Every structure is written in structure tokens, then in C-alpha cells.
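Following: one structure in C-alpha cells, then a few remarks.
Every number in this text was worked out from the coordinates using simple rules, so none of it is lab data. Values in this document were obtained by computation on a predicted structure and should not be read as measured data. Glycine also receives a Cβ, built like all others from the backbone with ideal geometry; neighbour counts cover every protein chain displayed.
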Amino acid sequence: MGLIYALIAAGLSLIFGLMDVVNFAHGEFLMLAMYATFGIFAATALDPVLATPIVVGAMFVLGAFVYLAVIRYAMRAKANIGMVQVFATFGLGITIRGLAQHFFTPDYRSIQTSWLAGHTLDLAGIFLPVPQLFGAVLSCLSFVALFFVIRRTDFGRALEATREDAGAVALVGIDKNRVFALGWGLGAALVGIAGSVMAIFFYIHPDVGSSFALIAYVTVALGGFGSIFGALAAGLLVGLVEAISATVLSPSMKAIGIYAVYLVVVFMRPRGLFGNL
Amino acid sequence: MASQELPGRDSSAVAPRAEAGGRERERIDHDASLGSFARRRHRKLAVAALTTVAIALLPLVIHDVYLQNIIVLTLMYAALSQSWNILGGYCGQISLGHAIYFGIGAYVSTLLFVHAGLTPWLGMLIGGVFAALVALALGYPFFRLRGHYFTIATIVVAETGLLLMLNWDFAGGAQGIQIPYGPDSWAHLQFARDKLPYVYFALGFALLTWLVTFLIEDSRWGYWWRAVKDNAEAAESLGVVVFRSKMAAAALSAFFTAIGGSFYAAFVSYIDPDSVMGFQLSLLIALPAVLGGIGTLWGPALGALVLIPLTELTRSYFGGSGNGLDLIIYGVLIMVIALARPEGLTSLFGRTRKARATPQARANPEARANP
């Protein structure tokens, strides 16, 4: 679970940290990815595991589109830029949720048959459900790929440079909008991975995103804005704390443990664990 | 970097903000004319008085209970957003956890009424004071945080409060509390059918928060808060006690938000944690101020006037069937206003005023006609 949180948070962290925009529609992105997985499964009976690349591709396009259609204009605002972004993405989130409710109906759906569902792996007495394990492995791979993209490719460097100084990169021939659109696409694609994995073991309904979105914001802030590694570490921590507080307190109060950890951490380190912004 | 972006950074850090309200003040500074300053204040008061009278007369024309209901909600959100605006707009500390103060107000007055028979009027005050104390207790550690870290901390605390209330059985738990019906009475703030008393109470509440904002705007606190918002370090260096300024704004803001919560509880006579402490509520409290014009005197009222009737009407026309059309309209509306008018709806008026302030008018302050 921690790795999945980390993955959701990484997408958010990428969008936030690299572009200074908080995406309040992130939970809705997750919801859409889950529906996309379900849709492919329902229409073609393709196994969710195989559908993942398609969903990720679709989410990439969606993320880039959202940037070009909405966020580009929100970033242009001169006054109250923070609030404009918050409420532009918040409005977007509500719109997406409304669209989902309109077209998919508010019914709960789930994918029953998958290669992985229902299997557990017995590792020296510890039983691990296979879908979650699959998600964890996929998350690890995604993180490795993400680090590679950010640190080692021209695109990753362009992304960081554009955040530092959009005017200066324009002088060396980098198109700010193109870079940011790709960045949004990448952020959405990460949620796409998380969504397609989660579609296997979670109920899918239009409001599913909001319950994870809040945890994702806390995770990003906990790790420190702008730090992908922070998001990974914080995601693991959040998953661990959630599991512990669910047994120590009660399952309905498990989020309190996460919140308490966030508060304690930011009081000691006001910029999160690994934040530099 | 990011932390300073959130409160809305203005181009002029030292001069008053170049926003709708700030623009006036800037010009006043140039004029250095106390006469025009007083006139401007009188004009604002006159507009407020006229608006109040007009709204007070409205129920004489509108008898429909449903429409009166919308009037009550609009006034209530105008007042709540005005309270939020004190901390979020003037002082620049963006809280998205105001639902906790609203919930405190709703629960304190309701529990006192149901279990001790205390009139909601007193319960309201007790709730308000309690919320202000909570705001001070939270502010002590929170105001060290900046930008998004602060905002997320406010969300986290409100969510914690929500979870605690959901699991606190004495206070009704997840089922909430139903206020027992009694005969209509002002003392219990209870009216079974009649919406009119609620209209007047909400109107009084909205007027009160407006007046408080009006009085503070040009007081020393008002200037301190705006200085803190624009540049806390610069303000500190000029002798503004930043921390205490934030605390005062938080306490005042929480007090009035809690009063709104108590009123809401009396109005709908049923409360549960999700409806009085949920995250959606925190956003709804902030939204009118943001759409109307953050940190402006008229912004919250204007934002509520546009937002609440539209929300309620789309909900009743398209909602209920669960097809999501009401959500789509609501979401698109928020997005469009936020993108099209980043300074808020009050900037529409600011623009016409600016257009009228031609060079001649600038030279001769007397020629600047009333907008």
C-alpha cells in the first residue's frame, strides 16, 4: 500500500514540485485511470495487467491535454496565482467527477477476474496478496524509470530548468508549454499506473479519487515539495503508519495516525523530510 | 519559492496592494486627502445600508419558501466567507480547514441546547469563543509553517476533527444529532415553517461580519495584516508583530465562522460530522471570497451572491437524478471564473472605476464621480 501511495504522490509531486502547481484534480485522475482499466476489461476482456500500458498512455495524453486546456491559463494569472490554480484544478476535479457520474453512473464496480486476483503468495509464513505485490513491484519499476527520466534525460533537465527560470530556457530554445505539457502528461501517467493496479483490488466509483487525493497531498508535503525521492520515502512511511494505526487505534481512525505524523514532521522540519522549496 | 506564491503575491510589496480595494487606497495616499478618505468610507457604509434594506425587504416580495431558503444560505455563506477572508484574504494565511471552526460552533451550541437546555444564543457565543481558543492553540505551532505546508496542516487538522467527531458517540457519532422540535421561539432560534426569522438572522450575521471587516480594513490591524500578507519579513523589520497579527486574525476569523456553524445547526436542526466538518465545507467557505475577490471588502458577498444561488438552482434542476450534470455545471463555473477573473469578480467594478479615472480626474480629485 505504501508503494502505491508513493506512486500517486510521485505524480502529484512531479506536477507540484517541478511546476509549482497543486493539482486538486489528482484524485479524479486516479479515478479516471481506474475506470479506464475497468472499461478496457469490460469491453475487450483484456486482463488489467495487460491493459496497464494502454491506460498509462491514455493518462499521459489526458495530463498533457489538461495542461494545455486549463493549467496554461491558470499559470498566466497575475494576481492570486496560488488560489487561482487551487480553484481551477478544484473546479476541474468536480467537473471530471460530474462527467464520470454522468457517463459511468454512480454505481460501484469491480473487476472480479484477473490473473492475479484472489491469489496469495506464501513467503515463509507471511501471506501476501498477489495484486498488491504486483502493484508494489510495478511501483518500484516506475520509480526507477522516473529517476532515470528526471536525472538522465534531456527532457528531465529541461523540466527542472524550466521551473527555475522559464524566461531563460526560452532563450536557449526550450518551449515552456511543451515541457510543462509533457511534465503533466508524465504526472498523470504515474497516476495511471497506480490507477490500473488499484482497479484490480478496489471498488471503482466516481468518488473513489477523493479519499486517496488527501492522503496524496499529505504524502507529498510530508516528503517535501519538489522531491521525488521524498515522495517515495513519505509514501512508504504513510503506508506503514496507516497499517500500524489501523491496528493500534481502529480502522476508521487510521488516517489520524498519518495526519499526526505529518504534523510532527512539519513542526520539526517545516519543509518536509526532503523538501528544498 | 512556492511558499510565498500562495498568498497571492502582489507587484508592489511596500505600497498598498494593487487590487480593487488597494487601488483606491493607493490613490488616497497620493491625494493625501483625508476628506476624500472619509467620503469613501461613508459611501461604502451607504451602499451597505442600502443593500441591507433591500435584502430586508426582499422576503416581502418573495414568499416562496425554497427561494427564501436560498437567500438564507447565500447570506450565511457571504458571512462565513467574510470571516474566512479576515485570515485568508487580508492576512494571507490560506486555511482550507475552516470547517473545523464551523463544526465546533455547530456542535457546541447543539450539545449545550440538547443536553443542558441552553439557548443557542449563549451556545453560539460559547462556541465562538471556544473556536477562537482552538484557533489560537493551533495557530501557535501552525503559523511557523509557510504556504502549502500551512494549508495542508489546516486541512489535516480539520480532517482529524472530522474523524474524531465521527467516532465520538456522545456527540452522535456518524449519525449526528437531531435537535428536538419545540414551539417556534426566538429564544431557541427555532421556527418550524417560517423561514423569515432565519433570513433576518442571516442578514444580521452577514452585516455584522461586513461591519467588522469594514472597521478593521482601515485600522492598524488591517494595515498590519496586509503587510504580513505581502511580505512578512519586510513587515517584521518595520516593527509589525507578525506572529501576533496572524493570531489575532485567526481568532477573529474562527469566532465568526463558529457563529455561522451554530446558526446553521439551528437552521437545519440536524447536524452530522460530514455536513458540518467535511473538507467540501472548508472549500465552500473559502470559495465565495476567492471568486468574489480575495482580500476585498465586497468580494465574499459578491462571490456568494453569484455562487450560492447558482449552485442551489442547478442542484434542484439537474441534481437528484445522480447524473452528475449539477457537478459539471458547478465545476465548470468555478474553473471559468477562476481563470477569467483571477482577481475576483470585484475587479469588474474596479476596472470601470479605473476607466473613469481619466488624467483630468486624476488631477482633480473632486471630479472623480461615484461609481
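Per residue, the convex hull spanned by the Cα atoms of the stretch B:36-133 amounts to 152 cubic angstrom. Near the amide H of A:Ile204, within less than 5 Å, lie the amide hydrogens of A:Arg109, A:Ser110, all on another chain or at least 5 residues away, with H placed in the peptide plane. Taking label positions 7 Å along the Cα-Cβ direction at both A:Val144 and A:Tyr203, the computed distance is 3.7 nm, reported to one decimal. How high is the FRET efficiency between B:Leu45 and B:Tyr200 when r is their beta carbon distance and R₀ equals 25 Å, given to the nearest 0.05? For R0 = 25 Å, the calculated efficiency reads 0.80.
Only Lys, Arg, Asp and Glu count, each charged at its Cβ (+1, +1, -1, -1), so figure out the dipole size of the stretch B:30-150 about its Cα centre, rounded to 20 debye.
On the way: 7 positive and 2 negative charges, 98 e Å.
Dipole size: approximately 480 debye.
Listed values for the stretch B:243-253 are Karplus-derived 3J(HN,Hα) couplings in whole Hz (6.51 cos²θ - 1.76 cosθ + 1.60, θ = phi - 60°), namely 4, 5, 4, 4, 4, 4, 4, 5, 5, 4, 4, and x replaces Gly and Pro. You can think of it this way: the chain between A:Leu240 and A:Asp154 has 27.4 nm of extra reach, that is 0.36 nm per residue less the Cα-Cα gap. Taking a point 7 Å from the Cα of A:Thr44 along the Cα-to-Cβ direction, the residues of the stretch A:177-198 with backbone N closer than 17 Å to it are A:193, A:196-197.
Pop the C-beta distance of A:Asp175 and B:Thr119 into the FRET formula with R0 = 56 Å and round what comes out to the nearest 0.05.
In this case the efficiency is close to 0.30.
For the stretch A:83-96, the Karplus equation 6.51 cos²θ - 1.76 cosθ + 1.60, evaluated at θ = phi - 60°, returns couplings of 5, 4, 5, 4, 7, 5, 6, 5, x, 4, x, 4, 4, 4 Hz by residue, with Gly and Pro reported as x.
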